[in-house]
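The values are calculated or read from the model by the stated rules, or taken from the named source; none is laboratory data. Computed from a prediction, not measured in an experiment: that's the story for all the values here. Every residue, glycine as well, gets a Cβ built from its backbone with ideal geometry; the counts of neighbours run over all protein chains shown.
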Amino acid sequence: MTEQNEQERRLGALERELTLLSRHFIASRGPRIGQSLDRSAYVLLTRLETGEPLTLKELAHTFQADVSTINRQVAAMLRQGLVERLEATGPGGARTFRPTPLGLERLAADRAISRAGTAQLIEAAGWSAERTQEFLTLMVELNHGIEQLEGRAWVRSGGTDARPPDTGTSR
């Protein structure tokens, strides 16, 4: 098999596995029993908890979505008390949004359920702590590559841009 054919085979297999991962990941962790946030609220709160309050335009840019879509999602979250709108500062300034204590509490509760489901997946795969860390490192590297292609870095916990751990191997 030629080098090009081998690369095509690998890329085809990787694309298929990523498709399966995206399809199975949420469903395979079990029903959302006990979780109170819908997917959009979970993802928006995950982003808002990591940094400064953001405008609708900034959120739309982050999620590559229309401002009208983000506006509807944030409006629903406002009605539920999950986020609060801050008044604009300065002339022509846009209003920003940040999570409320209730929003952060519900995010933490849903995240605990999600993490327990993720732990079940790791256990079902039979992975050791080292193997799990290896997968995490690869996922972080892949996500950073995606962010680089998009020109949009995702702010990670604590407001830092968590780089993959240096494993001492060349990439």
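Observations on the structure shown:
- Every condition in (1) part of a helix (DSSP H, G or I); (2) touching a helix residue (DSSP H, G or I) at 6+ places or on another chain (Cβ under 9 Å); (3) surrounded by 11 or more Cβ atoms within 10 Å (Cβ to Cβ) is met by Trp154 except one, and the failing one is (1).
- Set Leu11, Leu37: member being closer than 23 Å to Glu147 by Cβ and modelled with pLDDT of 85 or more: Leu11
- Annotation note: Cβ proximity below 8 Å between a residue of segment 51-80 that is touching a residue at least 60 places away in the same chain (Cβ under 8 Å) and a residue that is in a loop (DSSP other than H, G, I, E, B) (sequence gap 6+ or interchain) occurs for Gly51/Val155; His61/Arg152; Thr62/Arg152; Thr62/Trp154; Gln64/Arg152.
- Of all residues in segment 96-105, those that are out of contact with any helix residue (DSSP H, G or I) (no Cβ under 8 Å at 6 or more places or on another chain) and either closer than 11 Å to Ser36 by Cβ or modelled with pLDDT under 90 (or both) total 2.
- Matching residues in segment 114-137 - criterion: being loosely packed, with under 12 Cβ neighbours inside 10 Å and among the hydrophobic types (A, V, I, L, M, F, W, C): Ala124, Ala125, Ala129
- A residue that is at pLDDT below 90 and surrounded by fewer than 13 Cβ atoms within 10 Å (Cβ to Cβ) occurs nowhere in segment 67-79.
- Residue match in segment 118-136 (condition: touching a helix residue (DSSP H, G or I) at 6+ places or on another chain (Cβ under 8 Å) and at pLDDT below 90): yes
- Residue check for Thr96: more than 19 Å from the chain's Cα centre (by Cα), under 14 Å from Leu48 (Cβ atoms), surrounded by 14 or more Cβ atoms within 10 Å (Cβ to Cβ) and among the polar types (S, T, N, Q): yes
- Residue match in segment 138-145 (condition: more than 16 Å from the chain's Cα centre (by Cα) and outside any strand (DSSP E or B)): no
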